[in-house]
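The values are calculated or read from the model by the stated rules, or taken from the named source; none is laboratory data. Bear in mind that the values here come from a model prediction, so they are computed numbers and not experimental data. Counting neighbours? That spans all protein chains shown, and the Cβs are built from the backbone with ideal geometry, glycine included.
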Amino acid sequence: MDFPRASGVLAHPTSFPGPHGIGDLGESAFRFVDWLAEAGQRLWQVLPLGPTGYGDSPYASPSAFAGNPLLVSLSWLAGDGLLTDADLGAGFDSPRHEVAFGRVIAFKLPLLRRAFDRFRAGAGAGQRPAFEAFCRAEASWLDDYALFMAVKDAHGGIPWVDWPDEIALRREDAVPAWRERLRAAVRYHQFVQFQFRRQWGELRRYANGRGVRIVGDLPIFVAHDSADVWSHRDLFRLDASGRPTVVAGVPPDAFTDDGQLWGNPLFDWERSATTGFGWWIDRVRTALSLVDVLRVDHFRGFAAAWVVPADASTAAAGGWERGPGTAVFAALKGALGDLPFLVEDLGLITPDVHALRERLGLPGMKVLQFAFDGGPENAYLPHNHDRACVVYPATHDNQTTIGWFQTRPDAERQAIQRYLGRDGSDIAWDLIRLALASVADTAILPLQDVMRLGDEARMNTPGRAEGNWSWRYLPHQLHPGLAAGLGELTAAYGRRPLSNRNGVDPFDYTVPNTTHPLR
């Protein structure tokens, strides 16, 4: 699809302020949407919305379909009569500027279970028909996810490959037996997903009503310890016990002698093709029922992936293997029509990746922080952009622009100042202006840069196992002055909201309401 000239802001809901230790889908989320609309922004980009996994990362989720329970607003549940003021009255003693994930989990999950217990006892009776309808409509993934989480809880959270073989390997009679044995726990996880979908759906409708479309994130790989791999072992390269034979990573480069060993299992693309890429179709359909546009993470893996033997100690032992190319995208288009995709084509990008993206006609990413360590031919410099791309000052994996500029070598800092014609004293907004001025159809701005924050607000440092994903802003930092200033720049560079010539919003996309059998 063609994207209109527009701009937006990158901010994950966990970064919102609020009383319960983590941003959620409650009042602060709606206030953020209002702020975006006041600033003339058409897009709100989020990170993956699934439950977080190892290192609290949204990219290491136990499900490619589920929503994050920690995003469910407890205040909203209280308004529904599923929690009381007394339940929430003690408050939560947590740093206001960061998420202390361990403490948040210990605080929120028992309250979600309390809300479920009240629901079972008859509270929130008006929600029951919608809950039952949700369970039926989403059964293709929800049944396996809820059972996976219930069995995982019953085994103290250990990986599924360490469960008893009967349920780890889903032997014929084991799944219904465990589903019956853990009926209440399964129902609890279905309930939490229902509440997430209900709250997120209201927030998305509110955003769309204010002219804001949501850009979601679709990681190519999934976690091994996930409901997806457990319930579809045949789609992954695993041994007879369910353990990976090969894993994903990236090769050594100028920054890492050993490369990066991610550990995600690799897809068996040949097997996926025999199913018509049904799991992928269902995954993308579900994602597009939650968001309006999808950023496809690690797009290069569809051209070729760095494949590492599972027993290797570093990624240096790996090698390139060809991916599925256009085949999976053809299957998606055949089932779902023209899709609103943009692709992450950063890192070690070879000509085959560019060729694949161009054959598919999908916009890639241009990051301004990558633009100044070479000459005028650098592809990330705005004078080399074309319309069919998305420009960012930085992404969630980068330093904030202020932190980045402060750590540049003198020669690079001088090159930045020459290119901008500025002294760098307001470098965050200098790069925001540069992004908005680009010919790129889409510009996405990190909220930390809009707020002129330093590296204390960095979201993620790749390769660091802990201490990521925790940044939160304080209520006073999202103020009308920022919206007014950003709105002025947005208008100056022709990115204010506009409909196309026939009056139809060019971001509108309806997911075809068809199902695709996985087997």
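Key figures
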read-out: Every residue from the range 73-100 that is in a helix (DSSP H, G or I), at pLDDT 95 or above, more than 15 Å from residue 194 (Cβ to Cβ) and not small (Gly, Ala, Ser); value: 74
read-out: From 172, 202, 180, residue being part of a helix (DSSP H, G or I) and under 19 Å from residue 140 (Cα atoms); value: 180
read-out: Residue ID - farthest from residue 209 (Cα to Cα), chosen from residues in the range 40-89 that are in contact with a strand residue (DSSP E or B) (Cβ under 9 Å, 6 or more places away or on another chain), aliphatic (A, V, I, L, M) and surrounded by fewer than 24 Cβ atoms within 10 Å (Cβ to Cβ); value: 60
read-out: Some residue of the range 208-222 being touching a residue at least 40 places away in the same chain (Cβ under 8 Å), part of a helix (DSSP H, G or I) and either more than 30 Å from residue 312 (Cβ to Cβ) or out of contact with any Asp or Glu (no Cβ under 7 Å at 6 or more places or on another chain) (or both); value: yes
read-out: Residues of the range 19-47 classified as under 21 Å from residue 290 (Cβ atoms) and in contact with a Gly (Cβ under 8 Å, 6 or more places away or on another chain), total; value: 13
read-out: Check on residue 216, more than 25 Å from the chain's Cα centre (by Cα) and either closer than 19 Å to residue 62 by Cα or modelled with pLDDT under 95 (or both); value: no
read-out: Count of the range 319-346 residues which are small (Gly, Ala, Ser) and touching a strand residue (DSSP E or B) at 6+ places or on another chain (Cβ under 7 Å); value: 2
read-out: Filtered residues of the range 343-355 (kept if in a helix (DSSP H, G or I) and closer than 21 Å to residue 253 by Cβ); value: 351, 352, 353, 354
read-out: Qualifying residue in the range 123-138 (condition: in contact with a helix residue (DSSP H, G or I) (Cβ under 9 Å, 6 or more places away or on another chain) and on the phi > 0 side of the Ramachandran plot); value: yes
read-out: Subset tally (residues that are small (Gly, Ala, Ser), under 30 Å from residue 337 (Cβ atoms) and outside any loop (DSSP other than H, G, I, E, B)) for the range 1-49; value: 5
read-out: Residue 486 being under 19 Å from the mean Cα position of the chain (by Cα) and modelled with pLDDT of 95 or more; value: no
read-out: Candidates 344, 321, filtered to the one that is farther than 25 Å from residue 443 by Cα and surrounded by 13 or more Cβ atoms within 10 Å (Cβ to Cβ); value: 321
read-out: Residue count, the range 425-440 (criterion: touching a strand residue (DSSP E or B) at 6+ places or on another chain (Cβ under 7 Å) and not in a helix (DSSP H, G or I)); value: 2
read-out: Matching option when the condition is among the polar types (S, T, N, Q) and under 24 Å from residue 436 (Cα atoms), among 28, 15, 57, 63; value: 15
read-out: Selected residue (only one of 116, 134, 148, 65 is modelled with pLDDT of 95 or more and not in a helix (DSSP H, G or I)); value: 65
read-out: Residue within the range 234-249 that is part of a strand (DSSP E or B), within 19 Å of residue 283 (Cβ to Cβ), in contact with a Pro (Cβ under 6 Å, 6 or more places away or on another chain) and not hydrophobic (A, V, I, L, M, F, W, C) present; value: no
read-out: Options 229, 284, 246, 250: the member that is modelled with pLDDT of 95 or more, over 30 Å from residue 176 (Cβ atoms) and among the aliphatic types (A, V, I, L, M); value: 246
read-out: Residue match in the range 379-388 (condition: charged (D, E, K, R), within 30 Å of residue 14 (Cβ to Cβ) and out of contact with any strand residue (DSSP E or B) (no Cβ under 8 Å at 6 or more places or on another chain)); value: no
read-out: The range 250-306: number of residues that are of a type outside the set (A, V, I, L, M, F, W, C), closer than 26 Å to residue 444 by Cα and in a helix (DSSP H, G or I); value: 5
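Here is a yes/no grid of residues against (1) without any contact (Cβ under 8 Å) to a residue 12 or more places away in the chain; (2) under 30 Å from residue 335 (Cα atoms):
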site	(1), (2)
237	no, yes
240	yes, no
243	no, no
274	yes, yes
283	no, yes
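Residues are listed down the side, and each one gets a yes or a no for (1) of a type in the set (S, T, N, Q); (2) over 24 Å from the mean Cα position of the chain (by Cα); (3) under 25 Å from residue 459 (Cα atoms):
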position	(1), (2), (3)
390	no, no, yes
401	yes, no, yes
407	yes, yes, yes
414	yes, yes, no
421	no, yes, no
434	no, yes, yes
442	yes, no, yes
